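J.: Starting off with a structure, shown below.
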Amino acid sequence: MLNFTHHIPTIVYFGKGQVSALESELKKRAKKILIVTGQGSVKKHCIFDDVIREIKKANVPYVELSGIKPNPRLKSVYHGIEICKKESIDFILAVGGGSVIDASKAIAAGVKYNGDVWDFFAEGVKPTDALPVGTVLTLAATGSEMNGNTVITKEDTKRKLAFGSPVIRPVFSILDPEYTYSVNKYHTAAGVVDIMVHVFEQYFSHTPASDVQDRIAEALLKVCIKYGPIVYKKPHDYDARANILWAGSLALNDLIGEGKQEDWASHAIEHELSAIYDISHGAGLAIVSPSWMKHVLSKNTVNKFVEYGINIWNIEKNRTEIDIANEAIDRTKKFFKSLSMPTTLKEVNISDEHFEKMAKNAMEDWGKIGSFKKLTEKDIVQILNASL
Ligand code: NZQ
Ligand code: ZN
């Protein structure tokens, strides 16, 4: 296990009715709030009403920024920064899924920076300060509610980039499983895939003796495999929604990646797909991740796939290693398909037209891709071709 410093300061209020915690949190932290929302779901499903009721109890003035799109755009971040400066906002409340939270985090860092907020994404500038962000999460997927990452798309150049910093980790997050009841089947399934692939990115690693992280990772995968089909078929099943929601936070809040070399190649490739084609992140991962697995499977990596196949898919131990590994990858793809996720690019109308450019951009954006297996531009094009 590698050295690490573990510090996850986000306060999580988990469960039915936990929105009531907003009153005291906001009283304590905010003088004027920017509420950030997406394209209307939180208003349609009355989550927004609950939030406003609590803000009114706290008696803190607020301004709204609505309309954040999935795969949030830089333009909306600039707009948010402008509002914060003009209105002397000192607290941002994100009410929505990963896109709304990511936009809020970027705004929070941008307000405290004299240059262009895109510098954090494209130039490697590290933010030193940000407005505090709180979240009311409405979709289980990204883990953004408990981590210090944000992913934003610059619309004119179609580049989708990320940065991570402790200054943008939410100070609190409200996770009410009932708020995820209204997420449609497609985004529910995409969320489950995203959670599973976050686990893969940290699980598939050569770091030895990371048993604590890996057994927790396997528990999260088992939760997704058990409850994924239930949230898909029975969206109002509280316990299923609760388990998926909490798995989503723990899958990407540093817990299972501490002390390990992480991979993130599937994400690097998927971000190029959603940057150009604006597809759902989880759907892109359902296509890329199994192809990545097949591509990196070799003598050097087979052991980890065997561990995965036996511990997660209960594949019989007496088969050959390569057989177990291939079966585990096939089972992964079948599971994604069982949630009606696409597993080929054809299903989302993507051809090989931009593969070379995407591979080049990914290398440029990430510097180095993959650690379980280091990928070249050629590898990325091969993975994309295998995903057709
Ligand atoms: O726009 P609204 O109306 O809010 O509708 C959203 C959107 O259409 C809808 N939705 C959210 N909550 C709902 C709901 N519909 C009904 N009822 C509810 N309760 O779901 C759709 C998708 O929302 P979005 O926020 O885009 O999804 P997700 O949470 O999957 O976020 C995806 C974004 O996060 C990035 C992705 O790349 C993508 O841009 N990621 C962020 C990460 C992070 N910050 O750590 C890590 C991830 O790997 C990922 O890259
Ligand atoms: Zn993801």
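J.: For the stretch 1-80, list the helices (runs of 4 or more DSSP H) that sit wholly inside it and hold at least 3 residues that are free of Cβ contacts under 8 Å to residues at least 40 places away in the same chain, open to solvent by 90 Å² or more (accessible area, probe 1.4 Å) and not small (Gly, Ala, Ser); which are they?
T.: Per the criteria, 47-58.
J.: Can you tell me which residues in the stretch 174-216 are within 12 Å of ligand 1 (Cβ to nearest atom) and hydroxyl-bearing (Ser, Thr, Tyr)?
T.: Tyr179, Thr180, Tyr181, Ser182, Tyr186, Thr188
J.: Then there's this: Exactly one condition in (1) closer than 29 Å to Ile52 by Cβ; (2) open to solvent by 40 Å² or more (accessible area, probe 1.4 Å); (3) of a type in the set (A, V, I, L, M) is false for Val125; which is it?
T.: Unmet for Val125, out of (1) closer than 29 Å to Ile52 by Cβ; (2) open to solvent by 40 Å² or more (accessible area, probe 1.4 Å); (3) of a type in the set (A, V, I, L, M): (1).
J.: If Asn300 satisfies all but one of (1) away from ligand 1 (no atom under 16 Å from the Cβ); (2) farther than 18 Å from Ile369 by Cβ, what's the number of the condition it fails?
T.: (2)
J.: Select from the stretch 145-176 the residues that are within 16 Å of ligand 2 (Cβ to nearest atom) and either under 25 Å from Met363 (Cβ atoms) or open to solvent by 30 Å² or more (accessible area, probe 1.4 Å) (or both) and list them in ascending order.
T.: Scanning the stretch 145-176 gives Asn147, Gly148, Asn149, Thr150, Val151, Ile152, Thr153, Lys160, Leu161, Ala162, Phe163, Gly164.
J.: Please pick out the residue among Ile107, Ile168, Ile195, Ile152 that is assigned by TED's automatic domain parsing to the domain that holds Ser340 and over 24 Å from Arg53 (Cα atoms).
T.: Ile195
J.: Same structure, new question: Residues being open to solvent by less than 40 Å² (accessible area, probe 1.4 Å) and not small (Gly, Ala, Ser): count how many of those fall in the stretch 208-224.
T.: Looking only at that region, the number is 7.
J.: Now, a different point. Which one is farthest from Ser99 (Cα to Cα), of the residues in the stretch 18-61 that are of a type in the set (S, T, N, Q) and touching a strand residue (DSSP E or B) at 6+ places or on another chain (Cβ under 7 Å)?
T.: Of everything passing the filter in the stretch 18-61, Gln18 is farthest from Ser99 (Cα to Cα).
Residue by residue, here is whether (1) of a type in the set (Ser, Thr, Tyr); (2) touching a residue at least 24 places away in the same chain (Cβ under 8 Å) holds:
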{"site": "Ser298", "(1), (2)": "yes, yes"}
{"site": "Asn326", "(1), (2)": "no, yes"}
{"site": "Arg331", "(1), (2)": "no, no"}
{"site": "Pro342", "(1), (2)": "no, yes"}
{"site": "Asp352", "(1), (2)": "no, yes"}
{"site": "Lys368", "(1), (2)": "no, no"}
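J.: If we keep just the residues of the stretch 273-284 that are more than 8 Å from ligand 1 (Cβ to nearest atom) and part of a helix (DSSP H, G or I), which is surrounded by the most Cβ atoms within 10 Å (Cβ to Cβ)?
T.: In this case the residue turns out to be Gly284.
The values are calculated or read from the model by the stated rules, or taken from the named source; none is laboratory data. All values reported here derive from a predicted model rather than from experimental measurement. Positions of Cβ are backbone-derived with ideal geometry, glycine not excepted, and every protein chain shown enters the neighbour counts. Each accessible area value is taken on the protein alone, full model and side chains, heavy atoms only, with ligands, DNA and RNA left out. Shrake-Rupley method; radii C 1.70, N 1.55, O 1.52, S 1.80 Å.
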